[in-house]
1. If Lys and Arg each add +1 and Asp and Glu each add -1, what is the summed charge of the other residues whose beta carbon sits under 12 Å from the beta carbon of F170?
2. R0 = 35 Å: FRET efficiency of V70 with R138, Cβ-based, nearest 0.05?
3. What's the ranking of 107-115, 195-203, 16-24 by average number of surrounding C-beta atoms within 10 Å, highest first?
4. At 7 Å along the Cα-to-beta-carbon direction for both E3 and K49, put a label point, then send me their distance in nm to one decimal.
5. Place a label point 7 angstrom from the Cα of L163 along the Cα-to-Cβ direction, then list the residues of region 128-155 whose backbone nitrogen is under 11 Å away.
6. Select from the chain the helices, each a whole stretch of DSSP H, whose alpha-carbon atoms run 27 Å or more along the helix axis and whose Kyte-Doolittle mean is at least 0.0; answer none if there are none.
7. Using a cut-off of 18 Å between alpha-carbon atoms, which lysines can reach K202, once sequence neighbours fewer than 8 places away in the same chain are excluded?
8. From the phi of every residue in region 154-169, what ³J(HN,Hα) in whole Hz does the Karplus formula 6.51 cos²θ - 1.76 cosθ + 1.60 yield, where θ is phi - 60° and glycine or proline is x?
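Please treat every number below as a calculation from the coordinates, not as lab data. Just so it is clear, the model here is predicted, and its values are computed rather than measured. We place every Cβ from the backbone using ideal geometry, glycine too, and count neighbours over all the protein chains shown.
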Amino acid sequence: MIEYLEEKLKKQYGDISKIINGYNSKRKTTLRVNNLKSNIDEVKNELRKNNILFSEVSWYKDALIIDSEVNLSKLSLFIEGKIYLQSLSSMLPPLILNPSEGESILDMCAAPGSKTTELANITNDKARIMAVEKDKIRFEKLKYNIQKQGFKSINVINMDATLLDDYFLFDKILLDAPCSGSGTINQNNIKYFSEKLVNNSKIIQIKLLKKAIKLLKVGGEIVYSTCSILEDENESVLNEILKDKNIELVNIENKELPCLKTSINGTLCICPTSEYEGFFVAKLRKIK
C-alpha cells in the first residue's frame, strides 16, 4: 500500500489490520434479482439446477452471495437480464433512500446503472427517474444496462449534473459521488490512488451536493455515498454541507453490517471484507 493512504488510514482509524485484510481478500460475487423479469425463488431454483452454492443476505431479500467459483455471465439468468451483478455495498444507497412509486427521483452520477436500476426495481418501474451521467462512454453503458433489464421509468441524460436547470425539483436524490476509491483498493487500481485524487474528489463532491440541495423539494431526501473510507471525502464533506441550516442529517440504522467508526453519528462506513466493498453512506433531509 502506498505510504500516503496508509498514513491517512492509521491517523483516522488507528489499527487498520482489518482494513488491510479486507483489501487483500478475494471478494465474492454478489447479485440482485430484477423483479421486472424474475423473482428470488426462480433465481434460487436456477442456481440450484446449475449446482451453484449461494447464501442469502439478511437485510435484502432480493440479494444473494455466490459461494461457488463460477462465471455467472454465461447463465441465461444473466443473459436475459433477470439478475444484475452488483456489490452488496453498492446496493445500500438505493435501499436507504427508500424511494416510492410515483416519486420523482434523480440519480446524479448514474453510470453504469447499478443503483439506477435498483431504484427502478424497488419502485416497480413506477417512479419518475432521471439518470444523469457526464462521461459519454459510461453513459452508453448506463443505457445498455437499463435496456437489458427492461426498465421504462428511467430517462437518461448525458451531461454534468451540476449544470441541470434549477427548474427541476425532486422528491429523492441519489448522489453516488466520484471519489478516490479508497474502499475498493487492490493491486490493479492502487497505482491510480493519490493525494491529488482525494483533494480533487472532495471539491467535486461538495459541488455536487450543493447542487443536489438546490434540486431537492422541501421535505425531500438525499443519499450521499462514496466507495471511499477516508474522512476527507465523507464526514468532512458532510460537515461543509451541514453548514446550510436548510439541511439536516437523517440517522441510518446499522443493518448488521461490518462497519468502521465514523465521526458523525448516524452515518455508515462499511469496512472492506470478502463480501463487502469499503463504502460510506449518509442521508440528508431538506427542512426549509
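1. +1
2. It comes to 0.80.
3. 107-115, 16-24, 195-203
4. 5.8 nm
5. Correct set: 134-135.
6. What comes out of the filter, once short or polar helices are dropped, is 195-215.
7. Filter leaves K8, K134, K210, K211, K243, K283.
8. Ordered by residue, 3J(HN,Hα) equals 10, 9, 10, 9, 9, 6, 6, 4, 5, 9, 4, 5, 5, 4, 6, 9 Hz.
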